[in-house]
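Worksheet: one structure, shown below.
The values are calculated or read from the model by the stated rules, or taken from the named source; none is laboratory data. Predicted model, so just to flag it, every value in this text is computed and none were measured. Cβ atoms come from the backbone with ideal geometry, glycine included; neighbour counts cover every protein chain shown. To get the accessible areas, we keep the full protein, side chains included, count just its heavy atoms, and leave off ligands, DNA and RNA. Shrake-Rupley method; radii C 1.70, N 1.55, O 1.52, S 1.80 Å.
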Amino acid sequence: MTVNLNDLNPAQRDAVEAVDGPLLVLAGAGSGKTRVLTYRVAHLVDDLHVPPAEILAITFTNKAAGEMKERLGEIVGNGVRSMWVMTFHAMCVRMLRADAERVAGPVAQGGYDRNFTIYDTDDTKRMLTAVMGEFELDPKRYPVNGVLGRISSAKSELVGPAEFEKSAVSPIDKAAAKVYKRYRARMRDANAMDFDDLLVNAHTLLAENSDVLSAYQDRFRYISVDEYQDTNHAQYRIVNLLAEKHRNLMVVGDDDQSIYSWRGADIRNILEFERDYPAATVIRLEQNYRSTETILAAANAVVANNSGRKPKTLWTANAGGEAISRYHATDERDEAHFIATEVERHVRQGRSYADFAIFYRTNAQSRVLEDQFLRAGIPYQIIGGTRFFERMEIRDVMAYVRAVANPCDEIAIKRIINTPKRKIGKSTVDRLDYEALAAGITFDEAMHRAAEGEWLNTGPQAAVAKFVELIDAMRAVVADGGSLRDLVEEIVERSGLLGALQAERTMEADGRVENIREFYGVVDEFSTQHEGAGIPEFMEWVALRADIDSMADADCTVTMMTVHTAKGLEFPIVFVAGMEDSIFPHANSMFEASAVEEERRLAYVAITRARERLYLTHAYQRSLYGSTQYNPVSRFVGEIPEEHMKVSGVGSQGITGTGFARRGEGSRGSGYGTGSGSFGGSAPGGGHVFGSGTPKPASKQPKEPTDTFDAGDMVEHKVFGVGTVVLVDGDRIEVSFKTAGTKKLLAGYAPLRKVDG
């Protein structure tokens, strides 16, 4: 099978046929870059008779490599077997398996063995923890994740221990520098490499062994690199070394989709390609095959506000398209209700749940959306994450609450006894387990007796005593009474969970902190609905509510994910929730120009995931991280021309206050641009207003319709079918379903309605 170049549009064909010399392909979202990459390789083999073994195609994921191999196999047949079509890490492994001993190495042997072990993240953390133990570094002050993050960043920049140590300023940087040197020696002695080492050592192999480099340069006459905007410095250097001789290097990427600087990606690699290769041909793939004209107009308008980019404008033959729906909610619950209602409306009109995706900037935003979808009985899945109540940090918080409220709950106590780290290891827990069983007492009682001097050696005894003191102090606080919110906050604060995560100073840890703070919103919600209820009732409510999650498991589901996770995906209908300044763009990025530009690229990615319909939602007020925020509408929404949007919600009724004005200046309000007046109409100063302000009282958040139930009622559940109410106890309902058995449900959460018997 050969390729037909007439299948390509003119720009795609130019990219496929430009095989000699350096080539930069700026591939806009949905512009068919995978087809170009595949056809180019096929053109080299079938039309130009280039031996397949002389082709190197680098991808960023194993999935992309697999798909490309499969497509090429259909076109060039068995020749694909001799090509290198793989990820950066897979390529480096192959090189190092052949010549690992050429990498300057271990203390005694003088080189790695080619049978080196590859450490995954867990292995790496264990080794780092051991090295930190050698230096007696306090894991509370220097969390292993924080140290790992700093060492990983240094490696991606090809910065060795000595250079890193010179630039270290903060205490954790200095600690990481010390650990880095010893860690590298320990890894070499173990004949092991972590994922970063694969890149660093492959670069060393090529840079310090001219014969090895020359052999690879001679072999790979044609090199292509996908997602070039996501390369870090180490990957950039490896590519340039390999391409140095023949310079037949094709890089494909989109600077407008560079959104991973926090994990080492350097946008300069693609922006400065023409500096590195002055003779480079530049081809722009601007015809989009995914989205409507309206969606692309919005995306182009937003990203055009970035100064650090290669100019390009996406266009499509799909003229017209639905206007972008913009909903101004009163709060986050109104926002979630609107999204759920729109999903159900489209499904009633024949859509599948799988047609929908909901994007948000931070994982914590998913909680209220999940809550609303559970109430409505809409099946959903979370990609790249876990459901709110299943997240590790939320389980940790609940374990503390359970352990404080119920001393007999040994599962909860064992989960938190060394979380965060307290030097209470498995052997200590096993000993306490043994003694509790032998004495016929609870694990909690065994801890207290051990704290008083029984069974344990001095070190473990002191650690257990400190933990017992902490738990007893928490129980005393609860016994003294107070609001549920205050009690939970006090437990979390004393636990040290927040402090340990904040000390890591990583994006992952920051997200976990946000989730814990969002848990306070769960407490507030429960307290509002259950006046006077305490910790035991709250625990039961959470347990039942979390149990309802199981009903959403289905093949046909709405997809929820962060915008970062959404890159590379597409859906017919997309909702982007939380379009407010301090949410999106994120508060941490608001005051640095380059950070705002990356957030804008993230907005561009979100917009261009939509094929047919796009919804942007924002709220006048939002309870997030346990507090109420009043944020203006996102500046990115204000950058979309008004003719491409239709506005609904409280904002469509009229607002006053801070907002975004297109032109001129309104007579009231101030902020990022000023203006006020009819939302979606003209501002007094001639500007069109996009923003938040004081909603008119006429617009209220919709109430959830709820039935009241009694034992014996016949009911229908959206997922479980028809059943009979067996027991009603407050907001707990026990129903015996004909096909699903007996289920315990929460009134107001379960999609349950009365039916005639």
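Things worth noting here:
- Residue match in segment 283-290 (condition: crowded, with 21+ Cβ neighbours inside 10 Å, at negative phi and free of Cβ contacts under 8 Å to residues at least 24 places away in the same chain): no
- Any hit, segment 187-200, residues being under 30 Å from ALA11 (Cβ atoms), open to solvent by 10 Å² or more (accessible area, probe 1.4 Å), aromatic (Phe, Trp, Tyr) and not in a loop (DSSP other than H, G, I, E, B): no
- Filtered by the rule that a residue be open to solvent by 40 Å² or more (accessible area, probe 1.4 Å) and either closer than 18 Å to GLY499 by Cβ or free of Cβ contacts under 8 Å to residues at least 40 places away in the same chain (or both), segment 135-144 gives GLU136, ASP138, PRO139, LYS140, ARG141.
- Subset tally (residues that are closer than 16 Å to GLY496 by Cα and either touching a residue at least 40 places away in the same chain (Cβ under 8 Å) or not in a helix (DSSP H, G or I) (or both)) for segment 382-401: 8
- Taking segment 146-158 as the range and being within 22 Å of the chain's Cα centre (by Cα) and open to solvent by less than 40 Å² (accessible area, probe 1.4 Å) as the test, the residues that pass are GLY146, VAL147, LEU148, GLY149, ARG150, ILE151, SER152, SER156.
- Among the numbered conditions (1) surrounded by fewer than 18 Cβ atoms within 10 Å (Cβ to Cβ); (2) over 25 Å from the mean Cα position of the chain (by Cα); (3) outside any loop (DSSP other than H, G, I, E, B), the only one that ALA354 does not meet is (2).
- Which listed residue, of ALA340, ALA319, is surrounded by fewer than 18 Cβ atoms within 10 Å (Cβ to Cβ) and not hydroxyl-bearing (Ser, Thr, Tyr): ALA319
- Residues (of a type in the set (D, E, K, R) and closer than 15 Å to TYR520 by Cβ) located in segment 461-493: ARG485, ASP486, GLU489, GLU490, GLU493
- Answer from GLU531, GLU445 - the residue that is open to solvent by 60 Å² or more (accessible area, probe 1.4 Å) and either over 29 Å from LEU746 (Cα atoms) or at pLDDT 90 or above (or both): GLU445
- Cross-chain or 6+ apart pairs with Cβ under 6 Å, segment 110-134 first and under 16 Å from SER152 (Cα atoms), then part of a loop (DSSP other than H, G, I, E, B): TYR119/ASP194; THR124/ASP194
- Within segment 616-637, tally of residues that are surrounded by fewer than 23 Cβ atoms within 10 Å (Cβ to Cβ) and at pLDDT 95 or above: 0
- Restricting the first member to segment 338-357 and to residues that are of a type in the set (Ser, Thr, Tyr), and the second to residues that are open to solvent by less than 40 Å² (accessible area, probe 1.4 Å), the beta-carbon pairs closer than 6 Å and six or more apart or on different chains are TYR353/PRO379; TYR353/THR557; TYR353/VAL558.
- Given (1) closer than 24 Å to ILE382 by Cα; (2) over 16 Å from the mean Cα position of the chain (by Cα); (3) modelled with pLDDT under 95, number of the condition HIS586 does not satisfy: (2)
- Residue in segment 217-237 that is assigned to a helix (DSSP H, G or I), without any contact (Cβ under 8 Å) to a residue 60 or more places away in the chain, open to solvent by less than 10 Å² (accessible area, probe 1.4 Å) and not hydroxyl-bearing (Ser, Thr, Tyr) present: yes
- Spans of helices (runs of 4 or more DSSP H) in segment 241-316 with at least 1 residues hydrophobic (A, V, I, L, M, F, W, C) and either more than 27 Å from the chain's Cα centre (by Cα) or over 18 Å from ILE640 (Cβ atoms) (or both): 268-271, 273-276
- Those residues of segment 448-478 which are polar (S, T, N, Q) and open to solvent by 60 Å² or more (accessible area, probe 1.4 Å), in sequence order: ASN457, THR458
- Qualifying residue in segment 322-333 (condition: part of a loop (DSSP other than H, G, I, E, B), small (Gly, Ala, Ser) and either over 25 Å from the mean Cα position of the chain (by Cα) or over 18 Å from GLY30 (Cβ atoms) (or both)): yes
- Total residues in segment 737-752 satisfying the condition of being under 15 Å from ASP713 (Cβ atoms) and surrounded by 14 or more Cβ atoms within 10 Å (Cβ to Cβ): the figure is 6.
- Long-range neighbours under 6 Å by Cβ, at least six apart or interchain, first residue closer than 16 Å to ARG375 by Cα and modelled with pLDDT of 85 or more within segment 731-755, second surrounded by 14 or more Cβ atoms within 10 Å (Cβ to Cβ) and not hydroxyl-bearing (Ser, Thr, Tyr): ILE733/PHE709; ILE733/LEU745; ILE733/ALA747; LYS754/ASP713; LYS754/VAL715
- For segment 480-492, the count of residues that are open to solvent by 20 Å² or more (accessible area, probe 1.4 Å), of a type in the set (Lys, Arg) and not in a helix (DSSP H, G or I) is zero.
- Top-ranked residue in segment 371-405 [being open to solvent by 30 Å² or more (accessible area, probe 1.4 Å), of a type outside the set (Gly, Ala, Ser) and modelled with pLDDT of 85 or more; ranked as farthest from MET560 (Cα to Cα)]: ARG402
- Residue in segment 711-722 that is open to solvent by 30 Å² or more (accessible area, probe 1.4 Å) and free of Cβ contacts under 8 Å to residues at least 24 places away in the same chain present: yes
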